[in-house]
Amino acid sequence: GTGSGSLSHALIRTVAPTGHLYTVEFHQQRAEKAREEFREHGVDHLVTVTNQDVCKNGFGVSNIADAVFLDIPSPWEAIGHAKSALKAEGGRICSFSPCIEQVQRTCLAMEEYGFTEINTLEILLRVYNVRTISLQIPDLGKAAEDNSSTGFDSSNPSNQGSPCANLQQGTVQFKSGVPLREMVGHTGYLTFATKS
Amino acid sequence: AMEGGRSPGPRICEGDCAVLKRDDVFKAVPVLRRRKIIFEKQWFYLDNAIGHIYGTTFEVTSGGNLQPKQEVEETTTETKEAGTDNRNIVDDGKSQKLTHDDIKALKDKGIKGQEIVQQLIENSTTFRDKTEFAQDKYIKKKKKKYEAVITIVKPSTRILSTMYYAREPGKINHLRYDTLAQMLTLGNIRAGNKMIVMETCAGLVLGAVMERMGGYGSIIQMYPGGGPVRAATSCFGFPKLFFDNLHEFPLSKVDSLLSGAFSTETLPSEPEDNALLEEESNGLTDEKQTSLQEAEDESATEAAMEISQTEEQETMDINAEDVEFKENKEKENKENVREKQRKQWERRKKLIETAALLREKNADGLIVASKFHPTPLLLSLLEFVAPSRPFVVYCQYKEPLLECYTKLRERGGVINLKLSETWLRNYQVLPDRSHPKLTMSGGGGYLLCGTTVVLDKGKSDSSSLEALKVEEPSSKRCKVQDLHC
């Protein structure tokens, strides 16, 4: 499932200079565009793009892959082909699917084909913005009529350092790692397994 | 189509570091004959495993020997008698008719785990009333307990990082494996890089970087104290050539290297060595060069001790016949001293070479993952990195990275700073029984990453401190012709 070739580039980066990536894309134009980009980026010697349906015709290689990655709508249909592309022992497979139903079918197929260590997970990336935050100190009034300070006393040595209080403005400042207001919630589930 | 041969894969060899696996439990062990191993409440010897392919599953026989597990057909009963729900099942702890002693007797007879599970099912009064799901769960649980199979797997970053996080997270500053994976990608770790790695994760991070680099390129490992810890690194089983371009440099020398004051102490050594040392040394400084000095003092004392021991021996051997023996002994001791000095000289030579590599200030990336506060590390080690290169800092806690971020903004010379963490959620996927299992968030550590740029010492970035705006736009297009593999 080459698609844009984004993941392919990352994989090529990882296996260079002695490894090779075999990627299959069933859309002819996308396959051609991918080939072009690999050429432009000077990595075409490290990758082979095959234009076919991996579910029907497989990867074009057998018994050599250290790992197989599937990013297609019906990965369960490609599990058998993935197995024959993988090396005899110890190869790893990963399937990426947005829907749990796809995951269920894929896990079943993996089991049927004798894969072991089948494990589904998802990873969420949480990004934080580093911000200096100022919070106001509330006015709780005075405990008594005299001038003794009450509540948060910023001249008190124990309150020095961080957070630092600004008595003029009545605020406390501190650094915080603030989550983004809108973060990516879900892209897909990752299912890993071993051919053993 | 390209065909791979059906070659079975690497075999377990004596001297290897292998990983024992049972379900989700891993343990790294050295493969040695007649060495008793304890794993998952079982003890055994690895002798019989030697020669088998990695990935083979074994059973432990009585006597503590390993035997490859035979492929057995799963007995599936044609019609599984099962109930619909548990409303009439009373959990009184009496539904299993076999006692502890009965089970022990079966075990002692050498009855295989699979058979024991079968016996337990047959002797359970409630089994056939359970729902199919409950029966499945019951069988899985019993199998886990009684079918003690062990798989021997070849170490890899995936396996070792999972193992360390489960068994000894303190040793790796609670660096979870998905965070480590992020570091390798964000750091663009790949063959041919000149990497600087500073870690106190037992050498796990170093091993992961070495695995990615495949022996190509070079790594300079910065270390605190007397020497780098590479316990986990040796588990990977890398070929010797991977270590040819692995260098190390003490953190305690970093400041002097940056200030230009770095030198190695000149010590009385072989005449031909002095010439080399004079060449490299900038002359002695007032600065105390702790670790190297200590190492040199140590070996000098050792040499001195050996000489005095020899003298003792000589006063005891008054026999004239031993004159030749004495002469040989003296020669031997002189050789020992020379050997020690030679080794010292070797170490010093390497130190100078590594210092020269650092001085080039052209590293392709920096990885920091340690128990130390990241800010001082980053501020100094970034000096050795070329512009337009990635760096990644791991910290178990978020707050030090907040400070690091702020200090980096003040320093300048970095863009695209990003502070992140990854949440990991495991799922149980079974027909009609799929649901999340476990969430690991907050427990995997935090990452700060960014890209170096040419440091314009004229501009100060402190003005942007007060108005920390949204992150600067990242360059969306990089010039294609500048990329090379």
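The values are calculated or read from the model by the stated rules, or taken from the named source; none is laboratory data. From a predicted model like this one, the values you see are computed outputs, not experimental measurements. No Cβ is skipped: glycine too gets one built from the backbone with ideal geometry, and neighbour counts run over all protein chains shown.
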Which one of the conditions (1) in contact with a Phe, Trp or Tyr (Cβ under 6 Å, 6 or more places away or on another chain); (2) part of a helix (DSSP H, G or I) does B:Ala105 fail to meet, given that it meets all the rest? (1)
Cβ contacts < 6 Å: first residue within 13 Å of chain A (Cβ to nearest Cβ), restricted to segment B:51-62; second residue of a type in the set (S, T, N, Q) and in a loop (DSSP other than H, G, I, E, B), any location; separation 6+ or different chain. Result? B:Gly55/A:Ser196
Return the total of residues in segment B:123-133 being touching a Leu at 6+ places or on another chain (Cβ under 9 Å), in a helix (DSSP H, G or I) and surrounded by fewer than 18 Cβ atoms within 10 Å (Cβ to Cβ). 1
Within segment A:67-77, of all residues that are among the hydrophobic types (A, V, I, L, M, F, W, C) and under 19 Å from the mean Cα position of the chain (by Cα), the one farthest from the other protein chains (Cβ to nearest Cβ) is A:Ile72
Conditions first: (1) in contact with a helix residue (DSSP H, G or I) (Cβ under 8 Å, 6 or more places away or on another chain); (2) free of Cβ contacts under 8 Å to residues at least 60 places away in the same chain; (3) not in a loop (DSSP other than H, G, I, E, B). B:Gly170 passes all but one, so which condition is the exception? (1)
Answer with yes or no whether A:Val54 is within 29 Å of B:Arg190 (Cβ to Cβ), more than 11 Å from chain B (Cβ to nearest Cβ), in contact with a His (Cβ under 7 Å, 6 or more places away or on another chain) and not basic (Lys, Arg). yes
Of all residues being of a type outside the set (D, E, K, R) and modelled with pLDDT under 85 in segment A:167-182, which is nearest to A:Asn129 (Cα to Cα)? Just the residue, please. A:Gln169
Flagged in segment B:191-214 as on the phi < 0 side of the Ramachandran plot, of a type outside the set (Lys, Arg) and within 14 Å of chain A (Cβ to nearest Cβ), in numbering order, are B:Ala191, B:Asn193, B:Ala208, B:Val209, B:Met210, B:Glu211, B:Met213
Conditions: (1) assigned to a strand (DSSP E or B); (2) surrounded by 18 or more Cβ atoms within 10 Å (Cβ to Cβ); (3) in contact with a Leu (Cβ under 6 Å, 6 or more places away or on another chain); (4) within 12 Å of chain A (Cβ to nearest Cβ). B:Glu421 meets all but one. Number of the miss? (3)
Based on this model, can you work out whether A:Arg13 counts as touching a Lys or Arg at 6+ places or on another chain (Cβ under 6 Å), facing chain B (nearest Cβ under 9 Å) and modelled with pLDDT of 95 or more? yes
Where A:Ala88 falls short, out of the listed (1) modelled with pLDDT of 95 or more; (2) more than 18 Å from the chain's Cα centre (by Cα): (1)
Would you say B:Lys154 is touching a residue at least 12 places away in the same chain (Cβ under 8 Å), within 16 Å of B:Ala208 (Cα to Cα) and touching a Phe, Trp or Tyr at 6+ places or on another chain (Cβ under 8 Å)? yes
Selection status of A:Thr116, under 24 Å from B:Thr439 (Cβ atoms) and of a type in the set (S, T, N, Q): no
I want to confirm something. Restricting to segment A:78-93 and keeping residues that are in contact with a strand residue (DSSP E or B) (Cβ under 7 Å, 6 or more places away or on another chain) and more than 11 Å from chain B (Cβ to nearest Cβ), which single residue is surrounded by the fewest Cβ atoms within 10 Å (Cβ to Cβ)? A:Lys83
Which residue is nearest to the other protein chains (Cβ to nearest Cβ), if the candidates are limited to segment A:16-32 and must be in a helix (DSSP H, G or I) and without any contact (Cβ under 8 Å) to a residue 24 or more places away in the chain? A:Glu32
Only one of (1) modelled with pLDDT under 95; (2) surrounded by 15 or more Cβ atoms within 10 Å (Cβ to Cβ) fails for B:Thr375. Which number is that? (1)
Checklist (1) hydroxyl-bearing (Ser, Thr, Tyr); (2) within 11 Å of chain B (Cβ to nearest Cβ); (3) in contact with a helix residue (DSSP H, G or I) (Cβ under 8 Å, 6 or more places away or on another chain) applied to A:Thr116, failing item: (3)
Collect the residues in segment B:206-223 that are without any contact (Cβ under 8 Å) to a residue 60 or more places away in the chain and either touching a helix residue (DSSP H, G or I) at 6+ places or on another chain (Cβ under 7 Å) or surrounded by 22 or more Cβ atoms within 10 Å (Cβ to Cβ) (or both), keeping them in residue-number order. B:Leu206, B:Gly207, B:Ala208, B:Met210, B:Glu211, B:Arg212, B:Gly215, B:Ile219, B:Gln221, B:Tyr223
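Residues checked against (1) of a type in the set (D, E, K, R); (2) closer than 19 Å to B:Glu168 by Cβ:
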site	(1), (2)
B:Met198	no, no
B:Cys201	no, yes
B:Val205	no, yes
B:Glu211	yes, no
B:Met222	no, no
B:Gly225	no, no
Return the residue satisfying two criteria in turn: it lies in segment B:398-418 and is basic (Lys, Arg) and more than 9 Å from every other protein chain (Cβ to nearest Cβ), and of such residues it is farthest from B:Leu455 (Cα to Cα). B:Lys407
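Yes/no per residue for (1) outside any loop (DSSP other than H, G, I, E, B); (2) within 16 Å of B:Ala181 (Cβ to Cβ); (3) more than 15 Å from the chain's Cα centre (by Cα):
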{"site": "B:Gly192", "(1), (2), (3)": "no, no, yes"}
{"site": "B:Ile196", "(1), (2), (3)": "yes, no, yes"}
{"site": "B:Ile220", "(1), (2), (3)": "yes, no, yes"}
{"site": "B:Gly227", "(1), (2), (3)": "no, no, yes"}
{"site": "B:Thr233", "(1), (2), (3)": "yes, no, no"}
